[in-house]
């Protein structure tokens, strides 16, 4: 089997999508090494986790959310990553997002390895939240140039896949951000109830949760402000990112709103099962919203919990097709509160949750995704 080097510019806490793909390849017999960027040197520089060898670059220090200032540090990470991965002599390099694709291109030039570009999101659109327009346009040109050298492209979004297929000739497949059902099915109702008690949620109270990143494309503060309109409902948030300060300030204003910090991957299933309703809405003025394929949606489905979301991209497509939640037009405190009021009806919550779980068990799960990924690497490396 082949040696695959994966590249990532976060420290791999782990990253859910990267972990799922790496696990699938390891299970299929491939050797996988992840080279990632731990810019705050918070985690072990080297470790093996679930068969995945992890090398964290810690000599290039930087702050998260630095916007264009990251340009002073990113090329230094690239140079380190090229040197490390070249020494590994992999058969293929798997680049997670555009900010690692330059490294993959250089390695392909030097070693003739196969190159896979894994577009978690529409990267230029995502960076429009942080960078001036001229830099975003430059990223789009940069992506069009580098992607021509890829042997295959992977997307998380069907919308982005369709766009790439119109402009590029290499294989393009969609690997949705779907879940392994087993950890969610392993959580008992009693275990979920114990967690609710630890969180201080009284029996009979509705617990609405946001669990995910706090990047600028998420509508978080209006969700928290809905707590003012629904004092009998518990609002709980887990996550971290660019909006953390705003989230902490907003939750401090309402006695029924609570922020708990970051959740590790192993803790996600029980927290999704402990919630009654999951919330996830994207800014409609964010150009990348239509391409977003959130982990949170498939996690809610795997847990059998209804979701409140807005009508955009794969998020709206899947919620509508699976009938697993309520879609709102504008994520204002008033519309969010109105959706929560509807979901205070136990029968409606139960039915939407069952719909989502059924869809997760049949189509939206990791088994189908793993098969596609393994077939792709069989084609590329055999």
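Between residue 163 and residue 362, what FRET efficiency comes out of the Förster formula 1/(1 + (r/R0)^6) with R0 = 22 Å and r the beta carbon distance, rounded to 0.05?
0.20
Report, in degrees rounded to the nearest 10, the 0 to 90 angle that the Cα long axis of helix 366-381 makes with the longest principal axis of the chain. Tilt of helix 366-381: around 10 degrees.
Could you give me D for the chain, from Stokes-Einstein at 4 °C and 1.567 mPa s, where the hydrodynamic radius is the Kirkwood radius over C-alpha pairs? Units µm² s⁻¹, please.
Working: Rh = 21.5 Å.
Roughly 60 µm²/s, to the nearest whole number.
Counting neighbouring Cβ atoms within 10 Å and putting the fewest first, the residues 34, 297 line up as 34, 297. Need the C-alpha centroid separation for region 1-67 versus region 339-382, integer Å. Using only Cα atoms to place each centre, the spacing works out to 25 Å.
Beta bridges from DSSP with both residues in region 181-362: antiparallel share about 5 percent, rounded to the nearest 5. Note on the chain: with a GNM built from Cα contacts shorter than 10 Å, the maximum mean-square fluctuation among 72, 364, 272 falls on 72. By the count of other C-beta atoms within 10 Å, a proxy for reagent exposure, 8, 206 are ordered fewest to most as 206, 8.
Computed from the Cβ-Cβ distance with R0 of 30 Å, the FRET efficiency linking residue 248 to residue 341 stands at 0.70.
For the chain, modelled as a Gaussian network with Cα springs under 10 Å, which listed residue fluctuates most, 325, 29, 200? The residue that fluctuates most here is 200. What is the helix-to-structure angle for 133-147, meaning the angle in degrees between its Cα long axis and the longest Cα principal axis of the chain, kept from 0 to 90 and rounded to the nearest 10? Compared with the principal axis, the helix lies near 60 degrees.
Report relative contact order for the chain in percent, whole number only (criteria: Cα-Cα under 8 Å, sequence separation at least 6).
15
Spatially, region 75-141 and region 253-318 are offset by 28 Å when compared through their Cα centroids. For region 255-352, the equivalent ellipsoid built from the Cα gyration tensor has semi-axes of 19, 17, 15 Å, listed from largest to smallest.
Please state, to two decimals, what the Cα-based radius of gyration of region 226-266 comes to when divided by 2.2 N^0.38 Å (N = residues). It would help to have the intermediate numbers written out before the result.
Values: Rg = 10.9 Å, N = 41, 2.2 N^0.38 = 9.0 Å.
Compared with the compact-globule rule of thumb, region 226-266 sits at 1.21.
The angle between the Cα long axis of helix 16-27 and the main principal axis of the chain comes to about 60°, on a 0 to 90 degree scale. For region 101-207, the convex hull drawn through the C-alpha positions has a volume of 192 cubic angstrom per residue.
Computed over the alpha-carbon pairs of region 181-362, the distance histogram in 5 Å steps reads 1, 9, 18, 23, 23, 17, 7, 1, 0 percent, short to long. Counting only DSSP beta bridges with both residues in the chain, the antiparallel share comes to about 10 percent. In terms of overall dimensions, the C-alpha atoms belonging to region 1-134 reach 44, 31, 25 Å along their principal axes, ordered largest to smallest.
Please arrange 94, 236 by how many other C-beta atoms lie within 10 Å of their C-beta, fewest to most.
The most exposed by this proxy come first: 236, 94.
In this calculation the C-beta distance from residue 372 to residue 185 is compared with R0 = 22 Å, giving a FRET efficiency of 0.45.
Can you list, bin by bin at 10 Å, the percent of alpha carbon pairs in region 197-275, starting at 0? Computed distribution, short to long bins: 18, 54, 27, 1. Sorted into 5 angstrom bins from 0, the C-alpha pair distances of region 174-213 split as 5, 16, 19, 22, 19, 11, 5, 3, 1 percent.
Within the listed set 127, 135, 181, the Gaussian network model of the chain (springs between alpha-carbon atoms below 10 Å) gives the highest mean-square fluctuation for 135.
Only the coordinates and a few stated rules stand behind these numbers; no lab work does. From a predicted model like this one, the values you see are computed outputs, not experimental measurements. No Cβ is skipped: glycine too gets one built from the backbone with ideal geometry, and neighbour counts run over all protein chains shown.
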